[in-house]
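Please treat every number below as a calculation from the coordinates, not as lab data. Source: prediction; values computed, not measured. Note: ideal-geometry Cβ built from the backbone for every residue, glycine included; neighbour counts use all protein chains shown.
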Amino acid sequence: RFPVIIDCDPGVDDTAALLLASRMDELDIRGITTVAGNVGVDKTTANAIKVRHAMGEDIPIFMGADRPMFRDPVTAEKFHGEDGFGDVIYPKEISDNEIGEEKAWDAIYRIAKECNGELIVIAVGPMTNLGIALSKYKDLPQLIKRIVIMGGAAIGGNITPSAEFNIYVDPEAADMLFCCGVPVYMCGLDVTLKAYMTPEEIEEIGALGSFQAKLFRDVLQGGLKKYLGWGYKGVALHDPVAVLYAVDDSIFETHHVGIRVETKGLLTLGKTVTDLLSDKQMEHNAYIVTNVNREAFLEKVKSLMSKF
Ligand code: BDR
Ligand code: CA
C-alpha cells in the first residue's frame, strides 16, 4: 500500500476526495493535514473531523496554516458554503474530535521520515503547509517520493482569468513545490473540469443508500447548481481527481513538462506557467495531467462509494 498524507481544506470536493480515499485499498492514509483555503483553518479542521468520522477510520488530523505564507487569506464561501461543508448538517453525533498536537508541517516531516522515501503527498488545498515544511526542513525533498496536487492549469483559471484557486491563494508556496526537486503531478483545471458529474450521476451515488453516499451527494449539491448555472454539464470533482490519479494514472493523459508559478504578475498572479504548448522549453520538473476517461473515472467513483 502507498503511504500518503492528504493535505486539504474541506471543502466540498475535498470531502468527496477523502471519502473516496478511505475506500481505496491501495492507500495507507498516514495523516490528514488541514489548511486555510476554502474557509478558515478552524472550519476546514472541523470539517476534516466530520469526514474522518464518515470514513470510519482512525486517521490522525494535524492542523496547519491559518493563512498563506506571505499574503492575506482568500476564501471561497460562495462556493463551499459559510461552513465550508456546503452548509450541510452532518447527520451523526461525533465522539472522537481529537486532533494531533503537532503542526501540519512537523507531522509531514516526521511521517516522511518514517516512510523511508516512500511517502506520497496528495495536496488538494493551497500549498501553504508544504511550503512551510520545505522552508523548515531542508532535507524534506529527499524523503518524499512524489507530490500529486489539485491545482493550477495550463488553460485559464477559475478564481481569476489566469489562476486556479489553490495556487492563487498561496502562489509562493506552490512555486516552492515546483522548485523543490520532488516530481510534482499537477491535476489542474485542464483535467478536473473534464471529470464532472451530472445531476443524474450524483443522484446515482446518493441512491447507493449509505449515509456516506448521501453525504457525498449532499455536499456536492450546492456546487452542482453553480456549475449548471455557469453552463457546465455537471460539477467538477476537482480534488477526487488527484486522489484517484495518485493510485492509478492509467485512465489519465499525462505530459512531462516544465511548470513554474507566476508570483508577481499584475493580471496573472498565481498562473501555472507551462511549456506544454510552447516550442520554448523550460526545465522539465513536473507532470501535467490533461485528460481523463470520464466514463472510467465515474465507474471508479461509483464502485468506491458502493463500498460504504
Ligand atoms: C480547488 O479549489 C477549491 O475550492 C476546491 O476544493 C479545489 O481544491 C478547485 O479550484
Ligand atoms: Ca480543496
Worksheet item: What's the local net charge at Pro91, with K and R +1, D and E -1, over the other residues with C-beta under 13 Å away?
Response: +2
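Given the pairs Lys50/Lys302; Lys103/Lys307; Lys225/Lys300; Lys136/Lys264; Lys194/Lys307, which are separated by over 27 angstrom at their Cα positions?
Over 27 Å apart, Cα to Cα: Lys103/Lys307.
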Worksheet entry | Between the stretch 11-30 and the stretch 278-308, the alpha-carbon center distance in angstrom | 15 Å
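Subtracting the Cα-Cα distance from 0.36 nm times the residue separation, let me have the gained length for Thr198 to Lys113 in nm, one decimal.
Extending this stretch completely gives an extra 26.4 nm.
Report Rg/Rh for the chain, rounded to two decimals, where Rg is the Cα radius of gyration and Rh the Kirkwood radius.
0.93
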Worksheet entry | Cβ charges +1 (Lys, Arg) and -1 (Asp, Glu), total dipole of the stretch 178-308, debye | 400 debye
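What is the fewest-to-most order of Ile32, Ile144 by other Cβ atoms lying within 10 Å of their Cβ? Present the calculation step by step, with values, prior to reporting the outcome.
Numbers: Ile32 29, Ile144 25.
Ordered by Cβ neighbours within 10 Å, fewest first: Ile144, Ile32.
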Fill in: Ranked Glu82, Glu172, criterion: other C-beta atoms within 10 Å, fewest first
Glu82, Glu172
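Which loop-located trypsin sites (Lys or Arg not before Pro) does the stretch 1-31 contain, where loop means any DSSP state but H, G, I, E or B and the Cβ has at most 14 other Cβ atoms within 10 Å?
The qualifying sites are Arg1.
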Item to complete: Find out how many positive minus negative residues lie around Lys103, taking Lys and Arg as positive, Asp and Glu as negative, among other residues whose Cβ is under 15 Å from that of Lys103.
Response: -3
Practice prompt. Please identify, among Gly81, Gly152, Gly270, the residue showing maximal mean-square fluctuation in a Gaussian network model of the chain using a 10 angstrom Cα cutoff.
Written response: Gly81
Item to complete: Please find, in a Gaussian network model of the chain (springs between Cα atoms separated by less than 10 Å), the residue of Asn38, Asn129, Asn116 whose mean-square fluctuation is greatest.
Response: Asn116
Discussion item. Below 11 angstrom from the Cβ of His80, what's the summed charge of the other residues (Lys, Arg +1; Asp, Glu -1)?
Written reply: -4
Worksheet item: Could you give the nm distance between label points at Asn293 and Leu276, where each point is 7 Å from its Cα heading toward the beta carbon?
Response: 2.0 nm
